[in-house]
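The structure appears right after this line, and notes come after that.
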Amino acid sequence: MDKKASELIEKFLNPILETEASLLPGKKQRALHEMSLILKHDGKEAERVGDKDRIKTVRDHLSLLEIPANEDERPDLDAVAEAWLDLIRETWYEKLTQRRRFKPLRLKNIRKDLRNKPIFSERIVDAFEKIPTAQPIHTKVFSAIVGVPD
């Protein structure tokens, strides 16, 4: 293992870090997208009414989705998506019981309900306080076969 081989391995691993969210299952990718949309909307509403505590809560939790790829202390995006799904589950079930159609209920179908009835800041903080950090992909790769050009 020399410097040239290390640089080549890093060249292949860095794009994976940058597209980490796209490696998640589809439902979790959509959950992260919806989380971003809902929290941005909540942030705008909080700014409109001047609720500084809500603004801080929303910004802190939106930042979970915007950690740079080269950062060592990154939240586990899978756990973030799970926490968001757990947080909106009550609204999800409420919408399911009110429906008369037999089409699947999608996350975007409850977006309006979540905007009209925002989730309490305390519940958001509680849901995301136990999110573990994920190790960068560099620490997860134990071996690699790399053809190093001359």
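The values are calculated or read from the model by the stated rules, or taken from the named source; none is laboratory data. Note that the structure is a prediction, hence the values are computed from the model and not measured. Positions of Cβ are generated from backbone atoms using ideal geometry, with glycine treated the same way; all protein chains shown enter the neighbour counts. In case anyone asks, the SASA skips ligands and DNA or RNA and just uses the protein heavy atoms, side chains included. Shrake-Rupley method; radii C 1.70, N 1.55, O 1.52, S 1.80 Å.
Quick one: which of LYS28, LYS40 is assigned to a helix (DSSP H, G or I), charged (D, E, K, R), at negative phi and open to solvent by 60 Å² or more (accessible area, probe 1.4 Å)?
LYS40
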Response to the item:
Selection from segment 105-123 of residues part of a loop (DSSP other than H, G, I, E, B), within 19 Å of VAL80 (Cα to Cα) and either of a type in the set (S, T, N, Q) or open to solvent by 60 Å² or more (accessible area, probe 1.4 Å) (or both) yields ARG106, PRO118, PHE120
Worksheet item: In segment 85-120, which residues are among the hydrophobic types (A, V, I, L, M, F, W, C) and at pLDDT below 90?
Response: LEU96, PHE102, LEU105
Worksheet item: Here is a list of conditions, (1) surrounded by 11 or more Cβ atoms within 10 Å (Cβ to Cβ); (2) free of Cβ contacts under 8 Å to residues at least 40 places away in the same chain; (3) under 30 Å from ALA5 (Cβ atoms), and LYS140 meets all of them except one; can you say which number that is?
Response: (1)
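Suppose we filter SER63, SER22 for residues that are closer than 20 Å to ILE124 by Cβ and hydroxyl-bearing (Ser, Thr, Tyr); which single one remains?
On the way: SER22 fails: closer than 20 Å to ILE124 by Cβ.
Within the list SER63, SER22, the selection yields SER63.
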Worksheet, complete the sentence: Restricting segment 72-91 to residues that are part of a helix (DSSP H, G or I) and of a type outside the set (A, V, I, L, M), the one nearest to LEU23 (Cα to Cα) turns out to be ASP78
Practice prompt. Run GLY50 past the list (1) surrounded by 17 or more Cβ atoms within 10 Å (Cβ to Cβ); (2) on the phi > 0 side of the Ramachandran plot and report the number of the one that doesn't hold.
Written response: (1)
Item to complete: Say whether the condition of being within 26 Å of SER22 (Cα to Cα), out of contact with any strand residue (DSSP E or B) (no Cβ under 9 Å at 6 or more places or on another chain) and not charged (D, E, K, R) is met by at least one residue in segment 94-103.
Response: no
Discussion item. Out of ILE88, ILE67, ILE16, ILE55, I need the residue that is under 23 Å from THR133 (Cα atoms), surrounded by 14 or more Cβ atoms within 10 Å (Cβ to Cβ), free of Cβ contacts under 8 Å to residues at least 24 places away in the same chain and of a type outside the set (D, E, K, R). Which one?
Written reply: ILE67
